[in-house]
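First up is the structure itself, then whatever we jot down about it.
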Amino acid sequence: MPEKKSESEYWDKAVEEVAGRPDFDPLLAEQHRRIYSGLIAKWTDVTGSERILKTDLFAEAVHPSRSFLWDLLQANLRVVGIDISTEVTGRARANTLHYVSRSSAQYVSCDVRKLPFANNTFDLIVSDSTLDHFHYTHEIDTSLSELSRVLRPGGTLIITMDNKSNFTEPLFRIWLFLRLYPVFVGRTYSIEELKKALASTGFVVADTTAIIHNPRFIVRRIIPLVRKAAPVRFDGFIRKCLAFFDGLENKKTKYLTGQFIAAKAMKHTE
C-alpha cells in the first residue's frame, strides 16, 4: 500500500475492486455477524451507551451481509461510523437503507490516527480489524491514543486485530507478499503486545479472547464449492462444521487458531 499521503486513494480503489468480486458465502457472513454481535453483547450493555463509534466501514461497503453494524442501528443506538476512504464511507451510507429501515447513523471520512472529535465524546468504541492496516506499529499506538482521547472516562473499547500468533500467519504473510490477497494488511500484535499497548495508552484490559477459528485459505474456498454443487442440501452440515470451529474459542489453544485477537478495555476514570 502507498504511504500515508495517498492511503485514502488506495482504499477508494480497493473497495471498487473488492466490490466486483463474489460476496461472502451467506453462511460465513451469518457466522461473522453472529460472532461479533455476540462478543459485543457479552462485553457491554449497548443500551447504556449514548454515543457509539465504529471504526472501519469496509465490510458495510462491500460485504454488508456480514456487518454487525445493522444490529446496533436496529436498536436505535446513536452510532458514528468512520473510514479513511470517502468511497467506502459513501457505499456504507448507501447500504444502510437496505438493512435498516430507519437510522440516525452518521458517517464520517477521517483518519483514526487523527480523529475529528472532541475529548470524551463516546461511551463505547468498537474497532473491528481497523488498526492492522498500517505499515508501522507506532501508527497502531497513535490510533489507540486517539481512541482513548475520544472515549469518555469509564467508557469501553472493544477492539479486534489480525492475530499475529495464528498458526497460519507465516503462510498468510507469504500470501500477502505475493499480492494474492485483495487488500493491504499491515503490522499487527499478539494478544500480549496488544494488552501492553492498551495499558500504555490509558486503558485497563478487562478481558481478551480470539475469534473466527475457521482455518484460513480453506473454509472460504471449500464452502462455496460445496454450495455450488448442492446450494441448500449441505447447509446443516456446514453450520455444524462452523460451530465446531467456533468452539475452539473455549480451548487453551485459542490464540493459535483464532484469526483475530479481541480485547475489552476500559478507559481510566479521571
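Quick note: the coordinates plus some simple rules give every number you see, no bench work behind them. Keep in mind the model is a prediction, meaning the values are calculated, not measured. Neighbour counts run over all protein chains shown; Cβ positions are idealised from the backbone, glycine included.
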Would the range 236-248 turn up any residue that is without any contact (Cβ under 8 Å) to a residue 12 or more places away in the chain, hydrophobic (A, V, I, L, M, F, W, C), within 25 Å of F122 (Cα to Cα) and not in a loop (DSSP other than H, G, I, E, B)? no
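Quick check on my filter: what residues within the range 34-45 are within 17 Å of the chain's Cα centre (by Cα) and of a type outside the set (G, A, S)?
If we filter the range 34-45 for residues that are within 17 Å of the chain's Cα centre (by Cα), which is where we start, we get 34-44.
Scanning the range 34-45 gives R34, I35, Y36, L39, I40, K42, W43, T44.
Results for (1) in contact (Cβ under 8 Å) with a residue 60 or more places away in the chain; (2) charged (D, E, K, R); (3) touching a strand residue (DSSP E or B) at 6+ places or on another chain (Cβ under 9 Å); (4) not in a helix (DSSP H, G or I), shown as yes or no for each residue.
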| site | (1), (2), (3), (4) |
| --- | --- |
| Y36 | yes, no, yes, no |
| K42 | no, yes, yes, no |
| S65 | no, no, no, no |
| D71 | no, yes, no, no |
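Return yes when I52 is in contact with a Cys (Cβ under 6 Å, 6 or more places away or on another chain) and either touching a residue at least 12 places away in the same chain (Cβ under 8 Å) or over 27 Å from Y10 (Cα atoms) (or both) and no when it is not.
Numbers: in contact with a Cys (Cβ under 6 Å, 6 or more places away or on another chain): no; either touching a residue at least 12 places away in the same chain (Cβ under 8 Å) or over 27 Å from Y10 (Cα atoms) (or both): yes.
In short, no.
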Name every residue in the range 195-223 that is touching a Leu at 6+ places or on another chain (Cβ under 9 Å), in a helix (DSSP H, G or I), of a type in the set (A, V, I, L, M, F, W, C) and closer than 16 Å to S145 by Cβ, in order of residue number. A197, L198
Might you let me know whether the range 100-107 holds any residue that is of a type outside the set (A, V, I, L, M, F, W, C), free of Cβ contacts under 8 Å to residues at least 60 places away in the same chain, out of contact with any Phe, Trp or Tyr (no Cβ under 9 Å at 6 or more places or on another chain) and buried (at least 20 other Cβ atoms within 10 Å of the Cβ)? yes
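Does D45 satisfy the condition of being in contact with a Lys or Arg (Cβ under 7 Å, 6 or more places away or on another chain) and among the acidic types (D, E)?
Numbers: in contact with a Lys or Arg (Cβ under 7 Å, 6 or more places away or on another chain): no; among the acidic types (D, E): yes.
No, not satisfied.
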Looking at the range 250-265, which of its residues are of a type outside the set (S, T, N, Q) and buried (at least 18 other Cβ atoms within 10 Å of the Cβ)? K254, Y255, G258, F260, I261, A262, A263, K264, A265
Quick one: P116 ticks every box in (1) free of Cβ contacts under 8 Å to residues at least 24 places away in the same chain; (2) within 22 Å of A14 (Cα to Cα) bar one, so which box is it? (2)
